[in-house]
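Undergrad: This is the structure I have questions about; it appears just below.
The values are calculated or read from the model by the stated rules, or taken from the named source; none is laboratory data. Note that the structure is predicted; figures quoted are calculated from it, not measured. Because the Cβ atoms are built from the backbone with ideal geometry, glycine has one as well, and the counts that use them run over all protein chains shown. We work out accessible area using only protein heavy atoms, side chains counted, and drop any ligands, DNA or RNA first. Shrake-Rupley method; radii C 1.70, N 1.55, O 1.52, S 1.80 Å.
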Amino acid sequence: MKRFFTVTFPIILLIVGAFYFTAQFIQPSPKKEITIATGSKDGNYYKTALKYKKLLEEDKVKVNILTSEGSIDNIKLLKEKKADIAFIQNGTITNKNVSNIKALASIYYEPLWVFYKNEGYTVDYIIQFISKKIAIGREGSGTKDLAEKILNDNGINKQNSTFLNLNTKEAKEALEKGDIDVMFIVCSHDSQVVKELLADPKINLFSFKRARAYSRKYTFLEALTLYEGTIDLYKNLPDENINLLSTTANLVARDDFSNELKRLFLKKVIEVHNKKDLFAKAGQFPNTNNMKIDLDEEAKKYFESGDTFLEKIFPYWIASNIDRLKILLIPLLTLLFPLFKGLFPLYNWSMRSKIYKWYDEIEKIDKETDKAKSEELKEYLLRIEELREEISKETKVPLSFMGEYYNLQLHLDHIKNKVENKLA
């Protein structure tokens, strides 16, 4: 017991103290909740967010979805810390506009579709839309931002044409009724609006003859070809090859958002978007190409290295907690060397103590027999045999300590002989 309080107990206290001190530097586990800013409920951003929500909730992460007017509105929600992650149209913001928002990934192509009234002739250049009524998208949307860039490059502005801030549904209805002449829309090829407008003989889809020129001017734009019959082979939609300009849908996050949740989120993003579609090859998305704002460091690490060794072995949150506790290895490794150094002497002492504890009893018998009378000596002989049996039952030691064990037996025999000689 004395040995415990002088050696073992201080070591235990030192270990506990070191772990407690180091634990103060461990970042607490993040709240398992993500708020995603999308767009309108009938838009592709919202539908994609629902896919993420389903996958994330399998990992016990609560997902809140905020609807908005679009990309510009989403950036505002991030700045106000009402959202953690947001969909934006690539090119709507740059590093000059933001400081605390970082890019996570590009997830799919978002073509710019320009539909116009079929008045019996084909429009070859954007400049031919001058003086027309043009729906350019709602305030706060990425469509409006890109449409104004394209129109301004061709000398079309509010002074020589009529711009209307209509959402997709309103613009489609107005174009079908003939209330407007042109509508711009940035969305996925899966959009029902796009399919319906392509099928309407009263409406044409504009083909960018100078698509490559635009893609050189704006690095976030790419020239794509929508081949004849791609949307619907039976109806032959479109009925000719169409040159499109396309941006990409990007995911961005607040710089101070949890790195652990970013990694888990990107894991689900890859699961949703790594498949082949109309414009992209399998594995082409998600990617980090042509970002107009800085890429988040954690996203960069994840795309370069993928899952960590722990994430490949354990479920995500277990791996995350183990990784968070790795800082505790510092005091552990610091203490392991002296602990291992002292382990063998401590082991030796504990084995020998099993033997040496009997010497108190042997010494006591030895002293008592010096003054004992004949009848008492006979009782001591019985007591010695009982002690021998007790030692045999209770003292189990490895072979390396049998020398000390047999010494104990010899000492017991010595006392027994001493008593027998007195009786004789």
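Undergrad: Give all pairs with beta carbons closer than 6 Å in which a residue from segment 218-239 that is among the hydrophobic types (A, V, I, L, M, F, W, C) meets a residue that is surrounded by 14 or more Cβ atoms within 10 Å (Cβ to Cβ) and assigned to a strand (DSSP E or B); count only pairs at least 6 apart in sequence or on separate chains.
TA: F220/T247; L221/L245; L221/T247; L224/L244; L224/S246; L226/I242; L226/L244; I231/L237
Undergrad: When you look at I101, is it closer than 22 Å to S246 by Cβ and β-branched (V, I, T), yes or no?
TA: no
Undergrad: A further question follows. Pull out all pairs, ordered by first then second residue, where Cβ-Cβ is under 7 Å, the residues are six or more apart or on different chains, the first lies in segment 138-166 and is in contact (Cβ under 8 Å) with a residue 60 or more places away in the chain and at positive phi, and the second is part of a loop (DSSP other than H, G, I, E, B) and open to solvent by 40 Å² or more (accessible area, probe 1.4 Å).
TA: G140/E69
Undergrad: Among (1) crowded, with 19+ Cβ neighbours inside 10 Å; (2) within 21 Å of Y46 (Cα to Cα), where does V193 come up short?
TA: (1)
Undergrad: Same structure, new question: Mind checking which residues of segment 146-188 are under 28 Å from T230 (Cα atoms) and either among the β-branched types (V, I, T) or in contact with a Cys (Cβ under 7 Å, 6 or more places away or on another chain) (or both)?
TA: I150, T168, I180, V182, I185, V186
Undergrad: Identify the single condition in (1) small (G, A, S); (2) in contact (Cβ under 8 Å) with a residue 12 or more places away in the chain; (3) not in a strand (DSSP E or B) that A282 does not satisfy, given that it satisfies every other one.
TA: Of everything listed in (1) small (G, A, S); (2) in contact (Cβ under 8 Å) with a residue 12 or more places away in the chain; (3) not in a strand (DSSP E or B), A282 misses just condition (2).
Undergrad: Considering each residue of segment 385-422, count those that are under 30 Å from K373 (Cβ atoms) and surrounded by fewer than 11 Cβ atoms within 10 Å (Cβ to Cβ), and give that number.
TA: 5
So that you can scan it fast, the table gives a plain yes or no per residue for (1) among the aromatic types (F, W, Y); (2) out of contact with any Pro (no Cβ under 9 Å at 6 or more places or on another chain); (3) at pLDDT 95 or above; (4) open to solvent by less than 60 Å² (accessible area, probe 1.4 Å):
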| position | (1), (2), (3), (4) |
| --- | --- |
| D179 | no, yes, yes, no |
| M183 | no, yes, yes, yes |
| N204 | no, yes, yes, yes |
| L224 | no, no, yes, yes |
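Undergrad: I'd like the residue in segment 80-121 that is of a type in the set (K, R) and at pLDDT 90 or above and, out of all such residues, is surrounded by the most Cβ atoms within 10 Å (Cβ to Cβ).
TA: The qualifying residue surrounded by the most Cβ atoms within 10 Å (Cβ to Cβ) is K102.
Undergrad: Could you please give the count of residues in segment 144-164 that are closer than 16 Å to Q89 by Cβ and either of a type outside the set (A, V, I, L, M, F, W, C) or assigned to a loop (DSSP other than H, G, I, E, B) (or both)?
TA: So the count comes out to 4.
Undergrad: May I ask you to list the residues in segment 148-171 that are crowded, with 23+ Cβ neighbours inside 10 Å, within 24 Å of L278 (Cβ to Cβ) and modelled with pLDDT of 95 or more?
TA: A171
Undergrad: Any residue at all in segment 273-293 that's open to solvent by 60 Å² or more (accessible area, probe 1.4 Å) and under 14 Å from the mean Cα position of the chain (by Cα)?
TA: Checked segment 273-293: no residue is open to solvent by 60 Å² or more (accessible area, probe 1.4 Å) and under 14 Å from the mean Cα position of the chain (by Cα).
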